[in-house]
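The values are calculated or read from the model by the stated rules, or taken from the named source; none is laboratory data. Values in this document were obtained by computation on a predicted structure and should not be read as measured data. Neighbour counts are summed over all protein chains in view; Cβ atoms, including those assigned to glycine, are modelled from backbone coordinates with ideal geometry. Note: accessible area is taken over every heavy atom of the protein model, side chains too, but ligands, DNA and RNA are not part of it. Shrake-Rupley method; radii C 1.70, N 1.55, O 1.52, S 1.80 Å.
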Amino acid sequence: MSDNDVAAKRKTRAKPKLERPKLYKVILVNDDYTPREFVVMVLKAVFRMSEETGYRVMMTAHKLGTSVVVICAKDVAETKAKEATDLGKEAGFPLLFTTEPEE
Ligand code: TYC
């Protein structure tokens, strides 16, 4: 095989496909004990939400049971969910943030 043939072959060789990393949802779970204002404070502190967005996300969980907070990389989702849940725990509230893979 000549050098030219090798060069041509390289160009047509299939690139190994890099799988796009799966995205994860952070989910806020409603409970009967955590004060509404505390939930909004956590959403603002951990997820950098505005008061308005935090209130909307909190009220969605309050009314429907759960609310999607953010969709991001797995490690970020898990770190933030733990950070936010721990803030509730430290204050004596059962506030819960979970993660799940996006479809
Ligand atoms: N349901 C709580 C209350 O009435 C407020 C609340 C909202 C708690 C959303 C958790 O994920 C939550 N005080």
Criterion violated by Ala61 - all others in (1) farther than 20 Å from Pro101 by Cα; (2) part of a helix (DSSP H, G or I) satisfied: (1)
Subset of region 54-103 (residues that are farther than 14 Å from Phe38 by Cα and of a type in the set (Val, Ile, Thr)): Thr60, Thr66, Val68, Val69, Val70, Ile71, Val76, Thr79, Thr98, Thr99
Answer residue from region 83-103, given it is assigned to a helix (DSSP H, G or I) and open to solvent by less than 50 Å² (accessible area, probe 1.4 Å) and is nearest to the ligand (Cβ to nearest atom) among those: Gly88
Qualifying residues in region 13-33 (those that are of a type outside the set (Asp, Glu), part of a loop (DSSP other than H, G, I, E, B) and within 23 Å of the chain's Cα centre (by Cα)) - the one farthest from Lys89 (Cα to Cα): Leu18
Number of positions in region 16-49 that are out of contact with any Gly (no Cβ under 7 Å at 6 or more places or on another chain) and open to solvent by less than 50 Å² (accessible area, probe 1.4 Å): 13
Residue count, region 59-82 (criterion: more than 15 Å from the ligand (Cβ to nearest atom) and either open to solvent by less than 50 Å² (accessible area, probe 1.4 Å) or within 18 Å of Asn30 (Cα to Cα) (or both)): 4
